[in-house]
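Laboratory data are not the source of any read-out in this text; all were calculated from the coordinates shown. Predicted, not measured: the structure shown is a model, and the values here were computed from it. Virtual Cβ from ideal backbone geometry, glycine too; neighbours counted across all protein chains shown.
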Amino acid sequence: MKEETQLIAAGRPHSRPAHPVNHPVERASTFLFPTYDDFLEGAKSITYGRLGTRNHRALEEAVNILEGGFETRLAPSGLAAVNMAIIAFCEAGDHLLVTDSVYDPVRKFCDRFLNRFGVTTTYYDPQMGEEISTLMTPRTKAIVAESPGSLTFEIQDLPALAKAARAGGAKLIVDNTYGAGHFLKPLSLGAHVSIQAGTKYLAGHSDCLIGTISSADEATAKAVFSALLQLGSNVSADDAYLALRGVRTLAVRMARHQETGLKLAKWLAKRPEVDTVLHPALKTCPGHAIWKRDFTGASGLFSVILKPVPLPALKAYFNALKLFGIGFSWGGFESLCVHARPEMSRTAEPWQEEGPTIRFHAGLEDADDLISDLDRAFAAMNAAKG
Ligand SMILES: Cc1ncc(COP(=O)(O)O)c(C=O)c1O
């Protein structure tokens, strides 16, 4: 069966004589076993709310198909998924290599939390390939990649990073939120762990926070599960239900996000106000050739670097938008636009663009309506420039 068919069938109930299409939400801390034998049998899958209900198992099954993993586990948010995956593999005195383009709260976790426990971090240029091995030490336990970076869109050479990680006895952990498991399969490129902020494309409707952690092999999966257990990680059954509902329509939504995102990006590339478009499917994006090699498509997320513009004119631009919401997230059905500030966090490769970086998420609205919205915003910006 094709993956898209498997994602419709995965984790569905099969009880007699009839059953709903979807598992009802099981809000439970406690499960009761009628007999001791049932207790022994149940302990293999469902035992206690924090360890997951049928809603959790069903979502894990579907995401595991999507990522091509040995096992998938859930975390309460995308950030928790990345951070718990990191914790699974390091101890005091260890070292991490983290991409300079990483989602900024992960950077803060490394610098402000892990360093208190004696774990040090080096940030690397996201365009580094196998030469990353020159930054590895005998204590390097993980390379943390994000491809593409969710503000600056550098595509990373995952097979090269995987080779270096494996040669140095480290794990390659990849934030795969952009590709959503649909357009990129990091585990098939050699990564040990692929995480997603399921909050974005998997859930797809901007109404829940959830993370997924997919492991390539049994040993990796055991370490991840142990970290989740020790940290008392919990995901609500409601959120697991919502995320699985999103997964059922992922393929059709991703196709539309891709189509609209590309149309907007190409239109923006022709605007006189725009300096550069950072969209993985366009040649102007760093790592475009790697995107062509490793990805099967592009999602709806991309950035543009505007030519320098005074702040009041930038404000006029944002305030004129009617369809694009001003908001930090992405992956939902609605279009979003935000002033990204990569210059505030980069350390390995300082971000030195003169104009502002604006990140767009192309939602499911009609592309021409979205273009009219952007056109109106540029008119307001130019009027404010005087
Ligand atoms: C690339 C990336 N990874 C992880 C996260 C964190 O996800 P969550 O908000 O579910 O913690 C985000 C959130 O914006 C993100 O953009």
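Below are the figures for this structure:
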item: Those trypsin sites (Lys or Arg not before Pro) in segment 270-373 that DSSP places in a loop and that have at most 12 other beta carbons within 10 Å; result: Lys270, Lys283, Lys322
item: Segments 235-243, 303-311, 48-56 sorted - mean Cβ within 10 Å per residue, highest first; result: 235-243, 48-56, 303-311
item: 11 Å beta-carbon shell around Asp294, net charge (K/R +1, D/E -1); result: +2
item: Charge dipole magnitude, Cβ of K and R +1, D and E -1 - the chain, Cα centre, debye nearest 20; result: 220
item: Distance violations [Cα-Cα > 28 Å] among Lys2/Lys270; Lys163/Lys283; Lys108/Lys283; result: Lys2/Lys270; Lys108/Lys283
item: Cα gyration tensor, the chain - rounded (a/c under 1.5), prolate or oblate; result: oblate
item: Other-chain or far-sequence residues with amide H under 5 Å of Glu71's (modelled H); result: Ser215
item: Radius 13 Å from Cβ of Lys283, net charge of other residues (Lys, Arg +1; Asp, Glu -1); result: +2
item: Among Phe70, Phe109, Phe31, residue whose mean-square fluctuation peaks in a GNM of the chain (springs only between Cα atoms under 10 Å); result: Phe31
item: Computed [θ] at 222 nm, helices only, for the chain once each DSSP H run of length n ≥ 4 contributes -39500 (n - 2.57); result: -10500 deg cm²/dmol
item: Amide H partners (placed H, <5 Å) of Tyr123, local residues excluded; result: Val98
